[in-house]
1. Filter region 300-329 for residues that are assigned to a loop (DSSP other than H, G, I, E, B) and surrounded by 15 or more Cβ atoms within 10 Å (Cβ to Cβ) and give the result.
2. Identify, from the list THR44, THR17, the residue that is more than 18 Å from the chain's Cα centre (by Cα), hydroxyl-bearing (Ser, Thr, Tyr) and within 16 Å of the ligand (Cβ to nearest atom).
3. Which pairs do you get when a residue that is under 22 Å from SER30 (Cβ atoms), found in region 51-72, comes within reach of a residue that is among the small types (Gly, Ala, Ser), reach meaning Cβ atoms under 6 angstrom, with the pair 6+ apart or on two chains?
4. If you scan region 185-210, which residues turn out to be farther than 19 Å from ALA50 by Cα and more than 8 Å from the chain's Cα centre (by Cα)?
5. What pairs come out if I take residues in region 34-45 that are assigned by TED's automatic domain parsing to the domain that holds LEU204 and among the hydrophobic types (A, V, I, L, M, F, W, C) and pair them with residues that are part of a loop (DSSP other than H, G, I, E, B) and within 6 Å of the ligand (Cβ to nearest atom) whose C-beta lies under 8 Å away, six or more apart or interchain?
6. Can you confirm whether LYS101 is under 30 Å from ARG132 (Cβ atoms), more than 16 Å from the ligand (Cβ to nearest atom) and without any contact (Cβ under 8 Å) to a residue 24 or more places away in the chain?
7. Tally time: how many residues in region 47-77 are charged (D, E, K, R), within 15 Å of the ligand (Cβ to nearest atom) and surrounded by fewer than 17 Cβ atoms within 10 Å (Cβ to Cβ)?
Amino acid sequence: MSAVSLTNIVKRFGDVTAVHRMSMDIPDGSFLTLLGPSGCGKTTTLRMIAGLLDPTEGDITIKEKRINDVPIHKRNLGLVFQNYALFPHKTVAENVAFGLKYRSVSKADIESKVRDALELVQLPHVGDRYPRELSGGQQQRIALARAIVIEPDVLLLDEPLSALDANLREDMRVELKRIQHQIGVTTVFVTHDQSEALAMSDKLVVMSNGKVEQTGAPEEVYNTPASEFVARFLGTSNILAGTCKGLDAKEVSLDIPGIGQIQVPRERAPHISQEGPAKLVLRAEKLIAAANDSPAPDGFLDLPGAIEAVDYQGQAARYFLRLGNEQLQGINMIDDHPFNEGETVRLRFRPRDCAALPGQ
Ligand code: ATP
């Protein structure tokens with residue numbers, strides 16, 4: 001069953017169309033992420049589900065009930081935003097209890113639900129403190145406890161981790177996923193951070209300019225991007241223009257200037273249906289710079305290249321590589337020490353690690 005469905009949703013602000021004919025189903029209990037660059041319409045979509053904005057066109061249903069005209073306080077939703085929005089003059093326990101006050105819940109039940117929610121976010125002993133006496137990460141956990149204590153039908157999270165520093169963010173995303181799993185609440189998460197989206201989601205919706213570019217499981221979207229936009233937005237991709245010279249049930253044969261003939265698995269090129277202009281998508285982490293005297297492993301193409309620039313990243317290096325007329329990027333783990341600028345190398349990758357897209 002779908003917990004939330006959007007059907008042909010349009011949102012216009014004057015001349016600006018922020019969301020353009022968006023349809024999606026969010027399965028019950030799943031974690032769905034709206035991912036895309038700033039201004040693509042993620043927050044607008046979330047706010048329409050929340051009831052903070054009215055759609056210009058289209059229908060929104062929650063648990064199969066059309067809710068376009070149901071006001072926010074009657075939607076039974078949990079909301080967490082980037083700024084924790086805790087009440088500064090209320091204690092943590094009062095903050096968490098806030099949403100329960102307006103429901104017919106007895107005082108004893110409120111106490112036990114608040115206790116359970118604080119335990120779930122692993123802050124069982126801070127009920128008597130004030131928000132200012134907690135760290136940013138702890139405040140965000142309390143905001144989460146406040147959102148889930150009401151047992152919402154849907155949890156809506158708008159960039160909830162973006163105010164936290166990098167290490168805390170990574171801890172919190174594991175924590176958030178654990179909590180979501182434990183209570184099984186359907187969750188819609190908005191972020192522009194691809195690593196967060198890949199790590200946390202059951203289903204990813206990549207958006208651009210108010211439209212859905214691609215929907216799918218993280219691995220599916222990462223490995224088989226449906227457009228150049230998705231290939232470039234998620235991870236680092238080299239995109240090489242060429243021609244599709246033939247296709248069958250097993251593979252797609254491409255001719256790429258500077259590389260030659262290359263066979264990409266059919267399932268990595270589902271959008272190519274005929275011969276003609278096509279593009280090879282080669283992920284930077286799949287393009288290996290290797291020493292000239294090292295043997296090429298089986299199944300790898302082996303081409304002459306050069307290191308143009310090195311972006312040292314600790315355990316890995318991002319190389320800017322020259323292959324004929326193209327500059328490519330390779331992100332490689334460093335075994336010993338990185339290559340230096342100006343060195344000639346062998347450039348290696350497996351055709352089966354590539355994807356292909358139709359078009360110029
Ligand atoms: P960000 O990551 O920066 O929050 P976003 O993907 O969430 O971006 P939205 O906030 O949904 O994007 O905005 C989508 C588009 O709608 C943008 O062009 C934005 O300027 C416009 N927009 C959003 N809210 C309003 C508003 N209240 N009035 C006019 N235009 C708006």
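The values are calculated or read from the model by the stated rules, or taken from the named source; none is laboratory data. Values in this document were obtained by computation on a predicted structure and should not be read as measured data. Counting neighbours? That spans all protein chains shown, and the Cβs are built from the backbone with ideal geometry, glycine included.
1. Keep residues of region 300-329 that are assigned to a loop (DSSP other than H, G, I, E, B), which gives 300, 313-315, 324-325.
Residue satisfying the conditions is PHE300 alone.
2. On the way: THR44 fails: more than 18 Å from the chain's Cα centre (by Cα).
Step by step, each of THR44, THR17 is checked, and only THR17 is more than 18 Å from the chain's Cα centre (by Cα), hydroxyl-bearing (Ser, Thr, Tyr) and within 16 Å of the ligand (Cβ to nearest atom).
3. Listed by first residue and then by second, the contacts come to THR61/SER5.
4. Selection gives ASP202, LYS203, SER208, ASN209.
5. The qualifying pairs are LEU35/HIS192.
6. Details: under 30 Å from ARG132 (Cβ atoms): yes; more than 16 Å from the ligand (Cβ to nearest atom): yes; without any contact (Cβ under 8 Å) to a residue 24 or more places away in the chain: yes.
It is true that LYS101 is under 30 Å from ARG132 (Cβ atoms), more than 16 Å from the ligand (Cβ to nearest atom) and without any contact (Cβ under 8 Å) to a residue 24 or more places away in the chain.
7. Let us first name the residues in region 47-77 that are charged (D, E, K, R), namely 47, 54, 57, 59, 63-66, 69, 74-75.
Restricting the remaining residues to those that are within 15 Å of the ligand (Cβ to nearest atom) gives 47, 54.
If we keep only those that are surrounded by fewer than 17 Cβ atoms within 10 Å (Cβ to Cβ) too, we end up with 54.
Selection size over region 47-77: 1.
Table: residues versus (1) of a type in the set (Gly, Ala, Ser); (2) over 21 Å from ASP28 (Cα atoms).
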{"site": "ASP202", "(1), (2)": "no, no"}
{"site": "THR215", "(1), (2)": "no, no"}
{"site": "PRO218", "(1), (2)": "no, no"}
{"site": "PRO225", "(1), (2)": "no, yes"}
{"site": "PHE233", "(1), (2)": "no, yes"}
{"site": "ASN238", "(1), (2)": "no, yes"}
{"site": "SER253", "(1), (2)": "yes, yes"}
